[in-house]
1. Cβ contacts < 6 Å: first residue of a type in the set (V, I, T), restricted to the range 82-95; second residue at pLDDT below 95 and in a helix (DSSP H, G or I), any location; separation 6+ or different chain. Result?
2. Under the condition of being buried (at least 18 other Cβ atoms within 10 Å of the Cβ) and out of contact with any Asp or Glu (no Cβ under 9 Å at 6 or more places or on another chain), which residue from the range 114-123 is nearest to W93 (Cα to Cα)?
3. Which one of the conditions (1) touching a residue at least 12 places away in the same chain (Cβ under 8 Å); (2) in a helix (DSSP H, G or I) does P159 fail to meet, given that it meets all the rest?
4. Please go through the range 61-81 and give me each residue that is of a type outside the set (S, T, N, Q), more than 25 Å from Q161 (Cβ to Cβ) and surrounded by 10 or more Cβ atoms within 10 Å (Cβ to Cβ), ordered by number.
5. Just one of L168, L140 is more than 15 Å from the chain's Cα centre (by Cα) and surrounded by 13 or more Cβ atoms within 10 Å (Cβ to Cβ); which is it?
Amino acid sequence: MSVAVFFPSLMGVGILISGTLLVSDWMRRMLPQGRIRKQHNVVVGIYGSIADAVDAAGYHLEEPWFLRRGLRRRLTYLATAVALLAVGVTSMWIGVEFYNDPKGLFHRSPWATGLGYGIGSAALVAAAVSLTIAVVYRSLPRFMLKLIEKTFVGRIVLPTQADHDAALEQVERGDLT
């Protein structure tokens, strides 16, 4: 009996994960940040190469500001919070409905509620973080600023030509510490 419940449930989880990965890949291709992300990856690679060369020469190169991500617009965080709240509540509701559906594949399967509550809880936590950022915005605590600077929660910032010129002047003056 348990094998008859376990394997279909496991296959259902695999199908849900595959669908989630397909949707995330599609969204990554469709969003306009692809070009900016590629440019940022090139800048990060160039910085890494230069930092390695400077370290080998016995100097230390300070991490530039553009390697840290910046705040997105407040409306973006608010829209993300609303969308994640809807996903979280819906996921939990669907998990319970699948568990209680006598004609369904997930009837009385703990995987259905576990998956629904797991995805729902993760989405609700992410919604709470997004809502907190949207409400507090400019006066965020230090740990939330680190979250924005180091993860996809923040937006990618590219250096400008003025930054490039300032860096060249610094190298020409020999201001490496």
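1. Hits for this filter: I94/G116.
2. Kept after step one, since they are buried (at least 18 other Cβ atoms within 10 Å of the Cβ), are these residues of the range 114-123: 115-116, 119-120, 123.
From what is left, the residues that are out of contact with any Asp or Glu (no Cβ under 9 Å at 6 or more places or on another chain) are 115, 119-120, 123.
Values: L115: 11, I119: 11, G120: 9, A123: 13 Å.
Step by step, filter the range 114-123, then rank; the result is G120.
3. All conditions pass for P159, except number (2).
4. Passing the criteria: R74, Y77, L78, A79, A81.
5. On the way: L168 fails: surrounded by 13 or more Cβ atoms within 10 Å (Cβ to Cβ).
That would be L140, the only listed residue that is more than 15 Å from the chain's Cα centre (by Cα) and surrounded by 13 or more Cβ atoms within 10 Å (Cβ to Cβ).
The values are calculated or read from the model by the stated rules, or taken from the named source; none is laboratory data. Here the structure is a predicted model, which means the values were calculated and not measured. Please note: Cβ atoms are built from the backbone with ideal geometry, for glycine as well, and neighbour counts cover all protein chains shown.
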